[in-house]
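Report on the structure given below.
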Amino acid sequence: MSFKPRILIAEDESGIADTLQYVLKSDGFMPVWCATAEDAIAQFAQEPPALAILDVGLPDLNGFELFKRLRALNQSQGGAEVPMLFLTARSDEIDRVVGLELGADDYIAKPFSPRELVARVRTILRRSARAAPGAPAAPGNGVPHQIPGAAPPAAAQPPAMPFALDNERMQIRYYGRLLELSRYEYGLLRLLVQRPGRVFTRDELLQMVWDDASDSFDRTVDAHVKTLRAKLKAVAPDVEPIRTLRGTGYALNEELPQTP
């Protein structure tokens with residue numbers, strides 16, 4: 001019997017849950033539906049899933065709080081980190097931004113395309129498998145592809161002040177302060193810092209930072225840039241390090257002050 005990845009679904013609307021279970025079963029997964037956060041925590045504790053799909057608006061606990069509790073439970077169990085995807089209302093941009101800031105792997109807005117959801121799930125699972133300990137490094141695991149025509153990493157130009165890169169720890173300091181970044185925020189900022197002034201289109205950023213650009217979208221880049229800007233502004237409120245070129249993409253400002 002072939003192995004079927006277990007997918008935990010925390011969703012209180014039975015119609016949506018039925019759709020999720022049907023499309024996941026049809027694509028070879030084993031969905032486990034929980035109508036409440038309490039049930040989801042119990043199922044997670046019993047057997048961590050391959051991936052969790054969390055609705056933001058659960059009846060007994062906010063989906064973001066559930067995410068934090070599951071992540072803490074995951075860490076206490078000492079197993080591999082379980083990737084998580086948020087279900088949000090299409091109009092609630094703040095939900096999507098908060099979810100990405102917390103470290104969620106992705107989000108999908110209601111009403112959603114079943115095919116798109118399954119594609120997102122498969123992409124996240126592929127990404128998690130590549131990032132697992134002992135797995136070979138692969139493009140999109142939070143580390144950008146080598147930029148065509150650029151020097152190899154060992155001979156790369158030093159990052160523009162006031163940024164300091166620590167590639168081994170996958171960390172970035174901004175004006176001396178360590179930034180708390182998700183893997184995609186790290187990948188985006190690292191790419192921009194390595195080539196200050198260079199304009200990257202959204203398509204280039206998707207290709208260089210994400211695993212499978214065909215399963216990601218321009219709005220995903222925009223949402224991550226938005227959360228990055230908020231974190232940078234918290235350190236230096238009067239500095240605008242990331243420039244937007246309307247209709248094109250993003251670039252790191254070449255003329256940043258050495259002190260905020």
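The values are calculated or read from the model by the stated rules, or taken from the named source; none is laboratory data. Please read all numbers here as calculations on a predicted model, not as lab measurements. Methodologically, a virtual Cβ is constructed for each residue, glycine included, from the backbone with ideal geometry; neighbour enumeration extends over all protein chains shown. Just the protein is used for accessible areas: all its heavy atoms, side chains included, with ligands, DNA and RNA removed. Shrake-Rupley method; radii C 1.70, N 1.55, O 1.52, S 1.80 Å.
Out of Ala104, Ala137, one residue alone is in a loop (DSSP other than H, G, I, E, B), closer than 22 Å to Arg219 by Cβ and either modelled with pLDDT of 80 or more or not assigned by the TED database to the domain that holds Arg219 (or both). It is Ala104.
Candidates are the residues of region 55-93 that are part of a strand (DSSP E or B) and open to solvent by less than 70 Å² (accessible area, probe 1.4 Å); the one that is farthest from Glu116 (Cα to Cα) is Gly57. Of the strands (runs of 3 or more DSSP E) lying entirely inside region 165-260, those containing at least 1 residues that are open to solvent by 40 Å² or more (accessible area, probe 1.4 Å) and under 30 Å from Ala119 (Cα atoms) span 171-174, 242-245. For beta carbons closer than 6 Å, sequence separation of 6+ or different chains, a first residue in region 208-224 that is at pLDDT 85 or above and a second that is not hydrophobic (A, V, I, L, M, F, W, C), the qualifying pairs are Val221/Arg202; Ala223/Arg96; His224/Tyr184; His224/Glu185. In region 16-54, the qualifying residues are those that are open to solvent by less than 10 Å² (accessible area, probe 1.4 Å) and touching an Asp or Glu at 6+ places or on another chain (Cβ under 9 Å), and the one that is farthest from Leu117 (Cα to Cα) is Ala37. Scanning region 38-48 for residues that are assigned to a loop (DSSP other than H, G, I, E, B) and touching a helix residue (DSSP H, G or I) at 6+ places or on another chain (Cβ under 8 Å) yields a single hit, Pro48.
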